[in-house]
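Student: First the structure, which I've put down as structure tokens, then a few questions once you've had a look.
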Amino acid sequence: MPLKFEDEYAHALDNLASALKGSYEQIKQTSTFSSEFDYSQAIANRLRAFYCSQSEVKHFLNKKVAQAGSDFFVETILFFLKLFNDLENLGLTIASEHPLQTKRNTMRPDISVWRGDELLAIIECKTQLGWHRQNWSEHFQYRENKLKDVFPKTEIFLVVMTSCNWGGFGNDSRVGEQLFCLLNEKWPTNDFLTLDSRIEQLFDKVKAIACV
């Protein structure tokens, strides 16, 4: 008979969702006011932990490419925006990949912000814009036009994890208003990682929209 053994990795995966929920509740209990919590550093810590672990897995299994971080990045922004919503008592619904309409081929933004049935904002999240380094602005404008055709009052934001591989937004006047790049020319595996552009800028934009 095969020997029985305890698979620590399987146990870690089994406990992942519980750890996520537990982290959420712990922060809510210890941070009565949103201003007491450093969202930017928490995001930096979580990104570094993910990318460092995937780098080690890649090395151990001799993989050519590490697991993509795009879904994790969306989940991380989603997690802390939902937390911000709770701590600020904004009463919003924060969703991911939620269809904006019931018809086919409707937009399914990375993150959407709702007040009841009213769509207030969408947030597109990208780890980097290497594939669109030459035409990211045109691509973003296309998405904005497509959104405004159906939801003229809805705001759209773009959050990019790092400017590595594409150079960043430069002197675009929309930086800090609609466009946010969290890390300047560095990857999340850097030691003592901090965000160069704080995510609170975006969260405060969402709060302002919700309070209108």
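The values are calculated or read from the model by the stated rules, or taken from the named source; none is laboratory data. This structure is a prediction, so every number in the text was calculated from the model and none was measured. Cβ coordinates were reconstructed from backbone atoms using ideal geometry, including for glycine residues, and neighbour counts include every protein chain displayed. What goes into the accessible areas is simple: the full protein's heavy atoms, side chains included, and nothing from ligands, DNA or RNA. Shrake-Rupley method; radii C 1.70, N 1.55, O 1.52, S 1.80 Å.
Student: Do you know which residues across the stretch 93-109 are out of contact with any Ser or Thr (no Cβ under 6 Å at 6 or more places or on another chain) and within 21 Å of Ile209 (Cβ to Cβ)?
Tutor: Thr93, Ile94, Ser96, Glu97, Gln101, Met107, Arg108, Pro109 - these are the residues of the stretch 93-109 that are out of contact with any Ser or Thr (no Cβ under 6 Å at 6 or more places or on another chain) and within 21 Å of Ile209 (Cβ to Cβ).
Student: Pairs, please: C-beta under 6 Å, at least 6 apart or cross-chain, first residue over 10 Å from Asn165 (Cα atoms) and in the stretch 116-134, second of a type in the set (S, T, N, Q) and open to solvent by less than 10 Å² (accessible area, probe 1.4 Å)?
Tutor: Taking only residues 6 or more apart or on different chains, the pairs are Leu119/Thr154; Ile122/Ser112.
Student: How many residues does the stretch 66-97 hold that are part of a loop (DSSP other than H, G, I, E, B), touching a residue at least 12 places away in the same chain (Cβ under 8 Å) and open to solvent by 80 Å² or more (accessible area, probe 1.4 Å)?
Tutor: 2
Student: Right, here's the next one. Give the residue, chosen from Thr154, Thr102, Thr106, that is over 18 Å from the mean Cα position of the chain (by Cα), at pLDDT 90 or above and more than 30 Å from Glu185 (Cβ to Cβ). Walk me through how you get there before you give the answer.
Tutor: Working: Thr102 fails: at pLDDT 90 or above; Thr106 fails: at pLDDT 90 or above.
Result of the check over Thr154, Thr102, Thr106: Thr154.
Student: So, one more: Sort out which residues of the stretch 20-55 are loosely packed, with under 11 Cβ neighbours inside 10 Å and within 20 Å of Asp71 (Cα to Cα), and write them in order of number.
Tutor: Hit for the stretch 20-55 is Lys21, nothing else.
Quick grid of which residues meet (1) among the charged types (D, E, K, R); (2) modelled with pLDDT under 90:
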| position | (1), (2) |
| --- | --- |
| Val113 | no, no |
| Gly176 | no, no |
| Pro188 | no, no |
| Asp191 | yes, yes |
| Arg198 | yes, no |
| Val206 | no, no |
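Student: A further question follows. Right, Phe37: farther than 23 Å from Leu120 by Cα, in contact with a Lys or Arg (Cβ under 9 Å, 6 or more places away or on another chain) and of a type in the set (A, V, I, L, M, F, W, C) or not?
Tutor: Here the answer is no, as Phe37 does not meet what is asked.
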